[in-house]
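Participant: My questions will all concern the structure given below.
The values are calculated or read from the model by the stated rules, or taken from the named source; none is laboratory data. Remember, it's a predicted structure, so these values are computed and weren't measured experimentally. Here Cβ is always computed from backbone atoms with ideal geometry, including for glycine, and neighbour counts include all displayed protein chains. Each accessible area value is taken on the protein alone, full model and side chains, heavy atoms only, with ligands, DNA and RNA left out. Shrake-Rupley method; radii C 1.70, N 1.55, O 1.52, S 1.80 Å.
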Amino acid sequence: MAQDRLDDALQEMTREAVNPATLDAARARVWEKLTNAGGAGCAEFRPDLLSYVSGTLTGGRRLLLEDHISRCAACRVAIADMKGERRVIAMPQRSSSRWRRWTTLAAAAAVAGFALYLGRDTIDTWMAPSGPRATVASISGGVYGLPGGALQAGASIGDKQLVRTSPGAHVVLRLADGSTVDVNERTELFVTAAWSGQAIHLQRGDVIVQAAKQRRGHLRVLTRDSIASVKGTVFAVSAGMGGSVVSVVEGSVQVNQPGRELLLSPGDQAASNPGLTTSVADAVAWSPDADEYLQLLASFTKIGDRIATVSSPLRTSSALLPYLAAGAFVYGAVPNLGGNISEGVLAAEQQAAENAAFRTWWTSDTAVELRRIVDRVQSVTSMLGDEVVFSIAAAAPGDEVPMVIARVQPGKRAALASDLAGLFAEAGGSSPSYSVSEELMVISDSSSHVAWALNHLGQGAGSPFAAAIGDRYQRGAGWLVGIDAGPAIEMASGDAPPVEFARMAGLKYLFFEQRSPNGAEENEVTATFQGARSGIGSWLADAGSGGAAEFLPADALFAGYVSMREPGQLFQEFTTLMTKQQPTFVADLGQFEEKLGAGFAANLTAAMGTEAAFAVQGVTVTGPTWVIAALVNDAAVVESSIGKLVDACNADVVPGDQTKCTVGQETAGGLLWKTFKAADLPFGVAWTFYGGYLVVASDRGTGERAIATRSAGTALIWSSSFQAQLPASAGLHPSAFAWLNTKGALDIFSALSPNPAVTKLVAGRDPVLLVFDGKPEQIHLASRTRLSSVVIDAMLLGGLSDSIRR
């Protein structure tokens, strides 16, 4: 009976009379919605449809067009017309059979569901809140809303209304969600809204966005070739003819660019064209609030410095290493971070009291939400053991299982499970899966991977990789990351230089460590090889005497030293390697030596010694002042080789014309100095031989100072600043080092481009020293400089140099 009543009701609905005017009005409204779904955006993208259909539209433009097509039914219809896919299909006659009726209803439901799926973005747009998309918070200069005219403070900006700033103009927009957009001169943009969030369409120019915490969805900034998505952060976006650049001041930003997807952190940049990369400081320099952004960076730097002072005792064993899963090729271990988090919160509170810019951010909705999550994390860490381990295991080809494991404090299983659930819920996004027992916490990215991990824990504890990790613990472990290079190289795609080098060098394991062996933080990288080092991996000597480094002055801006194997042997290996890469290399070398004499390269390399040092001391109007000191076995052969090079340079000079290359000489301080000068260069090169070393400099005065430095024992390597940065794990006879006097380099630039905020940052920069130590089966790198400090130094140096060029 119920089926009969349903059929009768359907029949009555089909026979019901509808007012024709009402039906026409409804039809017109629906048709208007469908045909105008693309709005103003259609006019921008319609010229690209034909290229898209033919497959010739590529890169960022194709990415943005596909994003538009997903939202615009009208453009999808136009593409279907171009492809000839639109057809009129005769509908079959209705059957009176109940089965046929149910089939028809089911098909209609499926079509309706499919239509809803395809039109989800259009529906998302229709459900956008009403009202203006933004208001003008502050304004200076000529700013226009098109169509329309000049904008004033307090003016409303409608959906897709174009905002354009004139030269010298500046405007701050406040979006409907509370976010602010700092807009530079010569910039064009418009704002759209949907239920899932607002979007800033940057046509050209520069903006700095302080994104409010999003209640739902993301705030997006779209350019022709990039999409930046955030929930709450401070970041800058620039768009021009050369491409787009996204720079992060605070928080994190998800960036989609052609062929890649990145998650950026404070201080990071993503450029669609690598040549556009500068620095975050430079990216925000145009804003009247640039000092505020630099002060934010300074506060984050100080917080990082404060956290770095929290050191945990070195662990000489691990209760978690025996749980290493089968197929694990990445292993990371850190001490329980509860103390670091507490110290970070205290440092942030102190910065809020000292720095007005940071105080404003610290009291914002974003920071309040962050503190809530930090409180959850602190609660979780208090219920874990003294170590947390992260690892990646290969479950099957193409299926890598990431996992985090930690011991659970006795009696804390239920409380830990509850806090994990709350933490992941507050973090939002796709929550990971986890398992908590009385003994162990296991977290992975899916429930299936958690199940796999639980079934394979401990099966990799007897592997050679686990034994190598155990050796790192025996010497005392702080922060530790180990990589089994064999599986990692097999998974790496392409022939990127680091991967190719690892293959050729026979890399076995790679370890990254942060330790405090004598109370001072040290960062170490250890590359272990399969047997004794060979090929490229063996070019670095096992030890160095440091004699060449004694010529380097203590005030050098940049300096380096290296001890190698015999240059003659290295040249033979280099020739073999180059021949494999380029079969014509030997023939090309032979043509070169026809002009210089047979065996020229082999004789010259055999005459050189195994050590060399280099320093840049300053910058003058003619270029940098520099010096090189290299150990020499046979000075006569080296001098003869230089003469052959000069003769070859002048070989094609017509008699009577000026020679291209000249060599002059003079005696000073009991040494014979020679000077090489090329006709088309404004500077020359001076050199002499002293104490078994070839000393080459940008000018004779710089060379004489290097010799005086060695004689007086005032070299860089004996200075207090160098010794303070020398890692305890560097050994007695390091094989190489690289030195950067960060403050000295930054002082030069900051003096040319004074800025109080930058000057304050520069004053606290420490030098950077990287020390290399070779052993028969490994190369070890150590430094007391934190990576975060290197990032800040690079940002400051890049930003200052760019501002000077402008």
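Participant: Please go through the stretch 177-200 and give me each residue that is surrounded by fewer than 19 Cβ atoms within 10 Å (Cβ to Cβ), outside any strand (DSSP E or B) and on the phi < 0 side of the Ramachandran plot, ordered by number.
Facilitator: Matches in the stretch 177-200: N184, E185, W195, S196.
Participant: OK, next. Could you give every pair whose Cβ atoms fall below 9 Å, whose first residue belongs to the stretch 673-684 and is assigned to a strand (DSSP E or B), and whose second residue is at pLDDT 80 or above and among the aromatic types (F, W, Y), counting only separations of at least 6 or pairs across chains?
Facilitator: Close Cβ pairs satisfying both conditions: W673/W687; K674/W687; T675/W687; F676/W687; G684/F676.
Participant: Enumerate the pairs (first residue in the stretch 316-334 and farther than 21 Å from P487 by Cα; second residue anywhere and modelled with pLDDT of 90 or more and among the hydroxyl-bearing types (S, T, Y)) with beta-carbon separation below 8 Å, excluding pairs fewer than 6 apart on the same chain, so at least 6 apart or on different chains.
Facilitator: T316/Y473; S317/Y473; S318/Y473
Participant: Determine if the stretch 335-351 includes at least one residue that is crowded, with 16+ Cβ neighbours inside 10 Å and at pLDDT 75 or above.
Facilitator: yes
Participant: Turning to a different aspect of this structure: Which of the numbered conditions does G428 fail, given that it passes all the others? Conditions: (1) modelled with pLDDT under 90; (2) on the phi < 0 side of the Ramachandran plot.
Facilitator: (2)
Participant: Out of G535, G544, G494, report the one residue that is open to solvent by 20 Å² or more (accessible area, probe 1.4 Å), modelled with pLDDT under 85 and more than 26 Å from the chain's Cα centre (by Cα).
Facilitator: Values: G544 fails: open to solvent by 20 Å² or more (accessible area, probe 1.4 Å); G494 fails: more than 26 Å from the chain's Cα centre (by Cα).
On inspection, the qualifying residue turns out to be G535.
Participant: Within the stretch 55-66, identify whether any single residue is at pLDDT below 50 and of a type in the set (S, T, N, Q), and answer yes or no.
Facilitator: Within the stretch 55-66, the first condition is being at pLDDT below 50, and the residues that meet it are none.
Checked the stretch 55-66: no residue is at pLDDT below 50 and of a type in the set (S, T, N, Q).
Participant: Same structure again: Could you tell me whether any residue of the stretch 780-801 is hydrophobic (A, V, I, L, M, F, W, C) and modelled with pLDDT of 85 or more?
Facilitator: Yes, some residue in the stretch 780-801 is hydrophobic (A, V, I, L, M, F, W, C) and modelled with pLDDT of 85 or more.
Participant: Has the stretch 660-667 got at least one residue that is of a type in the set (S, T, N, Q), modelled with pLDDT under 80 and in contact with a Lys or Arg (Cβ under 7 Å, 6 or more places away or on another chain)?
Facilitator: Let us first name the residues in the stretch 660-667 that are of a type in the set (S, T, N, Q), namely 662, 665, 667.
Those left that are additionally modelled with pLDDT under 80: none.
Scanning the stretch 660-667 turns up no residue that is of a type in the set (S, T, N, Q), modelled with pLDDT under 80 and in contact with a Lys or Arg (Cβ under 7 Å, 6 or more places away or on another chain).
Participant: Would you mention how many residues in the stretch 156-168 are under 19 Å from H201 (Cα atoms) and out of contact with any Lys or Arg (no Cβ under 6 Å at 6 or more places or on another chain)?
Facilitator: Taking the stretch 156-168 as the starting set, the residues that turn out to be under 19 Å from H201 (Cα atoms) are 156-166.
After this cut, where a residue has to be out of contact with any Lys or Arg (no Cβ under 6 Å at 6 or more places or on another chain) as well, the list is 156, 158, 160-166.
Residues meeting the conditions: 9.
Participant: So, one more: Specify which of the listed residues (Q210, Q203) is open to solvent by 40 Å² or more (accessible area, probe 1.4 Å), more than 19 Å from D67 (Cβ to Cβ) and at pLDDT 85 or above.
Facilitator: Checking each option against the conditions leaves just Q210.
Participant: In the stretch 243-273, which residues are under 17 Å from A211 (Cα atoms), among the polar types (S, T, N, Q) and touching a helix residue (DSSP H, G or I) at 6+ places or on another chain (Cβ under 8 Å)?
Facilitator: The one that is under 17 Å from A211 (Cα atoms), among the polar types (S, T, N, Q) and touching a helix residue (DSSP H, G or I) at 6+ places or on another chain (Cβ under 8 Å): S247.
Participant: Among the residues in the stretch 747-766, are any of a type outside the set (A, V, I, L, M), at pLDDT below 85 and under 24 Å from the mean Cα position of the chain (by Cα)? Break it down stepwise before answering.
Facilitator: Of the residues in the stretch 747-766, the ones of a type outside the set (A, V, I, L, M) are 747, 749-750, 753-756, 759-760, 764-766.
Okay, now just the ones that are also at pLDDT below 85, so 747, 749-750, 753-756, 759-760, 764-766.
With under 24 Å from the mean Cα position of the chain (by Cα) added as a condition, the list becomes 765-766.
Yes - at least one qualifying residue is present in the stretch 747-766.
Participant: Kindly provide the set of residues from the stretch 497-532 that are open to solvent by 40 Å² or more (accessible area, probe 1.4 Å), within 28 Å of Q572 (Cβ to Cβ) and modelled with pLDDT under 80, ordered by number.
Facilitator: Hits for the stretch 497-532 are P497, P498, E500, F501, R503, M504.
Participant: Could I ask something else about it? Give G731, G703 a once-over and let me know the one that is at positive phi and open to solvent by less than 60 Å² (accessible area, probe 1.4 Å). Spell out how you get there, then give the answer.
Facilitator: On the way: G703 fails: at positive phi.
Exactly one residue qualifies, and that residue is G731.
Participant: As an exercise: evaluate S318 against (1) farther than 30 Å from M241 by Cα; (2) open to solvent by 30 Å² or more (accessible area, probe 1.4 Å); (3) at pLDDT 70 or above and give the number of the one condition it does not meet.
Facilitator: (2)
Participant: What are the residues in the stretch 220-246 that are assigned to a strand (DSSP E or B) and of a type in the set (A, V, I, L, M, F, W, C), if any?
Facilitator: Matches in the stretch 220-246: V221, L222, I227, A228, V230, V234, F235, A236, V237, A239, V245, V246.
Participant: For M578, state whether it is modelled with pLDDT of 75 or more and surrounded by fewer than 18 Cβ atoms within 10 Å (Cβ to Cβ).
Facilitator: Yes.
Participant: Does the stretch 585-595 include one or more residues that are in contact (Cβ under 8 Å) with a residue 24 or more places away in the chain, in a helix (DSSP H, G or I) and more than 22 Å from A548 (Cβ to Cβ)? Before you say what the answer is, go through the steps one by one.
Facilitator: Kept after step one, since they are in contact (Cβ under 8 Å) with a residue 24 or more places away in the chain, are these residues of the stretch 585-595: 595.
When the remaining residues are screened for being in a helix (DSSP H, G or I), the result is 595.
Narrowing the set further to residues that are more than 22 Å from A548 (Cβ to Cβ) leaves 595.
Yes, the conditions are met somewhere in the stretch 585-595.
Participant: Taking only the stretch 144-176 into account, find how many residues are assigned to a loop (DSSP other than H, G, I, E, B), over 16 Å from E188 (Cβ atoms) and open to solvent by less than 40 Å² (accessible area, probe 1.4 Å).
Facilitator: 1
Participant: Any idea which residue in the stretch 261-285 is farthest from L64 (Cα to Cα), counting only those that are among the charged types (D, E, K, R) and in contact with a strand residue (DSSP E or B) (Cβ under 8 Å, 6 or more places away or on another chain)?
Facilitator: Checking each candidate, the answer is D268.
Participant: A follow-up question, please. With respect to D588, is the statement that it is acidic (D, E) and at pLDDT 80 or above true?
Facilitator: Judged against the criteria, D588 is not a match.
Participant: Which members of the stretch 520-550 meet the condition of being part of a loop (DSSP other than H, G, I, E, B) and among the aromatic types (F, W, Y)? Don't jump to the end; show me each part of the working.
Facilitator: If we filter the stretch 520-550 for residues that are part of a loop (DSSP other than H, G, I, E, B), which is where we start, we get 520-521, 530-534, 539, 541-547.
Of everything in the stretch 520-550, just one residue is part of a loop (DSSP other than H, G, I, E, B) and among the aromatic types (F, W, Y), namely W539.
Participant: Also, quick follow-up: Quick check on the stretch 258-267: of everything there that is surrounded by fewer than 19 Cβ atoms within 10 Å (Cβ to Cβ) and part of a loop (DSSP other than H, G, I, E, B), which residue is modelled with the highest pLDDT? Lay out the reasoning, then the answer.
Facilitator: If we filter the stretch 258-267 for residues that are surrounded by fewer than 19 Cβ atoms within 10 Å (Cβ to Cβ), which is where we start, we get 258-263, 265.
Keeping just the survivors that are part of a loop (DSSP other than H, G, I, E, B) gives 258-259, 265.
Details: P258: 83, G259: 79, S265: 80.
The residue in question is P258.
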